[in-house]
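Read the figures in this text as sums done on the coordinates, not as results from a lab. Because the structure is predicted, anything quoted here is derived from the model rather than measured. We place every Cβ from the backbone using ideal geometry, glycine too, and count neighbours over all the protein chains shown.
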Amino acid sequence: MNKRTAFLSTLVLFSILFVNAQSSYGLKAGISYNSNGDLKEFTSEVTNAYKDGGKGKSGFNIGFYGILDLGEIYIRPELVYTKTTSEYVLNSGSLEDYKISKIDVPVLVGFKLLGPIDIMVGPAFQYYLNNDLKGVEISDVENDFSLGMNIGAAINLGRIGFDVRYERGFSKNEAEWTNAGKDFRLDSRPEQIIFSLSYKLSKSKS
């Protein structure tokens with residue numbers, strides 16, 4: 001199954017949850033502390049003349065989620081708009097922000113541990129909408145679709161939920177440009193700590 005098919009299949013699953021008798025759904029939003037990967041500079045004389053890991057900055061996310069309750073475990077697909085920012089030092093010495101906006105579709109399996117505490121893990125399908133580095137003519141990322149992983153924990157108190165999770169992009173996905181005879185590659189895979197607040201719009205039916 002390719003990434004595009006998996007992405008569309010996940011959207012179908014998300015839609016089905018809204019009409020399933022044992023499902024619930026709601027809204028979510030949050031902030032993140034993130035890094036968008038390494039900036040590498042290449043010249044003809046050496047393989048890798050420069051590498052900048054970037055400085056992580058805050059980002060945000062907002063979207064919807066659904067829950068398919070299976071007893072002690074549940075499936076939680078989400079449809080989320082995410083924006084991340086990292087700061088890099090360009091060869092001119094200036095500091096510039098690299099901004100990425102994307103649609104994330106995590107498909108998490110949740111395990112109910114004790115009372116309101118859950119843990120969650122699962123893949124995250126990512127569709128890149130835009131990438132921008134100020135002052136640079138930058139090409140689009142190599143792949144519009146990418147794959148990552150989410151793992152985290154949640155506390156659910158009635159309709160209100162709070163979760164923290166770690167996200168890491170798996171698929172290699174670089175943006176490239178050339179400046180003053182040098183080639184630059186910027187890794188667009190996110191690495192984030194995400195804090196989210198959710199509100200359940202419907203309760204599971206027994």
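Observations
- Of 28/112; 83/112; 28/102, pairs whose Cα-Cα distance is over 23 Å: 83/112
- Calculated FRET value between residue 72 and residue 202, using beta carbons and R₀ = 25 Å, to 0.05: 0.75
- Electrostatic bookkeeping for residue 110 treats Lys and Arg as +1 and Asp and Glu as -1; over the other residues with beta carbon under 10 Å from its beta carbon, the sum is -2.
- Between residue 60 and residue 166, the contour length at 0.36 nm per residue exceeds the alpha carbon distance by 36.8 nm.
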